[in-house]
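Report on the structure given below.
Quick note: the coordinates plus some simple rules give every number you see, no bench work behind them. What you see is a predicted model, and the numbers here were worked out from it, not measured in a lab. Positions of Cβ are generated from backbone atoms using ideal geometry, with glycine treated the same way; all protein chains shown enter the neighbour counts.
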Amino acid sequence: MNPEAMTVALGDRSYDIFFGREIYSLFQEWICRFYPGGTVHVVTDRNVASIYGDDIRQWLAGIPHDVLALPPGEERKNFDAVREIYGFLARGDAGRDSLVVAFGGGVVGDLAGFAAATYLRGISCIQVPTTLLSQVDSSVGGKTGFNLPEGKNLVGAFHQPRAVFIDDAFLLTLDDRNLRAGMAEVVKCALAGDAELWDRLLAVGGKWKSLSGEEWRWVVRRAVGFKASVVERDERETSLRRILNLGHTIGHAMEKSGGYGRLLHGEAVAMGLAWEAILGMKLGVTGGELVDRLVSLLIGMGFPLDDPGVALTSIASAIGMDKKRMVSDVDLPLVAAPGRCELRRVPLAEIRRELPGIRAEIRERSVAGELNVPAGNAIPEESPVSNLVHVGNEVYEIRSAEENAASAVPAEAEPVIVEERAAAAGPEPAPWEVTAGLAAPEPAPPEIPAAPAVRTVTLADLYWSQGERSTARRIVGEILRDDPANLRAQAWLAARTGDDLVEAELLGFLETMAKEYGYDLS
Ligand code: GLY
């Protein structure tokens, strides 16, 4: 299957997202082409390394590289892990021309991306997301960072990757729970901005696990396409990008109040989508029929829509407290229709007040026994919100110090780092030279095809910046041959019209086009 590509157009931070099955040859080719002399530093986690460790070595055979496998889990997304990555980069002599490869799920992507954003004031990073959630959400858009005990993602940086490689073969080794968790972000994208994807999800319903490879690729591409289009318009989340927080205001509160690690992020987002849809209905934005459809879709997919072990009081006090800032209202994304979302400023106090009614609606709309409640979590009597104190628009919860401590991010276990050094230490190994002790069995230099397998304007830019102008021109010429209306490719050529060679190239291209379409060029 030929890989496909999509560009995130962000000026000089533009990059390509490549999609396909087993696209490691493209991944290898890309690294060889654009980082021929620099070292490659792969950051992954031990779960991923246990499945793909050998593959990583094989895909990078002949390229000097090291691999760092961190302990897995959201509770390890902390500064200790970032410091480990800094040490790994320092020991591996990473320089400005080095490349960090974030190979894993969202935690690995955030940590490796942040380390790359800050090491030597910023080095390049590519994302190879291995979970559905990271493929459709965290690998694209440049958000990187880590958690503090005081809150999630409190430290971070925007650092766009240089490329993203989305290989659906990784989904084959994902367990059902993690795959399902990723579907929550897919449903979010459909609701927020892609009605066609929404219709497709409704048609598939509970049979989502038996989607064919081609259908998976379509679904992932649509979700990523929507996210990329939002990021292109509001990279730094000053306004529009907030619609990607659909389901996350209540979802994050659920995740935090249950104690991180209890619910997967995607499971909390699924709950948040359902709860916020009901809130949208109460606020007169979301129709009742859409809420019904969403609730049945999520239940059909196997999502729990409530965590009855979590008191409403905890959810209420966690809402809007992600960043430990006392804000009084949020720009809440609400779904007006499938694929159409609007941001509405809503006082947090109002959201908190609606929680008991929302929980009651969720239970009413989910026929008993269909709530997919995790085992051992019987639905208790409704928790009163009586220990919440309303002061003006603010709500404060009164609870014991022990309870506060219990709901904080769990204390970190001693991190265990597995580090592999695939490229030999020692005097200046030449590119492709493999020194003794290298784990890769076949150290032959990778073949670099004369032309890239996938052609995009961003690739052309990269070739151009490296002095390979004729390859760059050929790429753009081929893009225009396949898609004469491609505005970016036209602009690329137009921007180089002062260059005689480019004019000759353009003329050549026009002649080819004229011949192909049977026109006279005069
Ligand atoms: N995950 C939401 C965003 O990237 O903005």
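By per-residue mean of other Cβ atoms within 10 Å, what is the highest-first order of 125-136, 478-489? Before the final figure, lay out the partial values.
On the way: 125-136: 27.9, 478-489: 15.1.
Descending mean neighbour count gives 125-136, 478-489.
Mind running the shape call on region 44-120? Use the C-alpha gyration tensor, a ≥ b ≥ c as the square roots of the eigenvalues: rounded below 1.5 for a/c, prolate if a/b tops b/c, oblate otherwise. Cα axes put region 44-120 in the oblate bin.
Rounded to the nearest whole Hz, the Karplus-based 3J(HN,Hα) values (6.51 cos²θ - 1.76 cosθ + 1.60, θ = phi - 60°) of region 112-128 follow the sequence 5, x, 5, 4, 5, 5, 10, 5, 6, 6, x, 10, 6, 9, 10, 10, 10, with x at glycine and proline. Would you mind classifying region 248-319 by shape? Square roots of the alpha carbon gyration tensor eigenvalues, ordered a ≥ b ≥ c; an a/c under 1.5 is rounded, otherwise it is prolate if a/b is larger than b/c and oblate if not. Since a/c reaches 1.5 but b/c is at least a/b, the shape of region 248-319 is classed as oblate.
Of Lys227/Lys282; Lys143/Lys282; Lys207/Lys256; Lys77/Lys143; Lys207/Lys282; Lys188/Lys282, which pairs sit farther than 24 Å apart, going by alpha carbon to alpha carbon? Going by Cα-Cα distance, Lys227/Lys282; Lys143/Lys282; Lys207/Lys256; Lys207/Lys282 fall outside the 24 Å limit. Computed over region 166-324, relative contact order equals 27 percent, with contacts defined as Cα pairs under 8 Å that lie 6+ residues apart.
Averaging the sequence gap over all C-alpha pairs within less than 8 Å and six or more residues apart, then dividing by the number of residues, gives region 120-217 a relative contact order of 29 percent. Summary of the geometry: region 14-38 and region 91-110, compared by the centres of their Cα atoms, lie 15 Å apart.
Let me know the charge dipole size of region 134-287 about its Cα centre in debye, to the nearest 20, where only the beta-carbon of Lys, Arg (+1) and Asp, Glu (-1) is charged. Write out the running numbers ahead of the final one.
On the way: 20 positive and 19 negative charges, 43 e Å.
In debye, rounded to 20, region 134-287 gives about 200.
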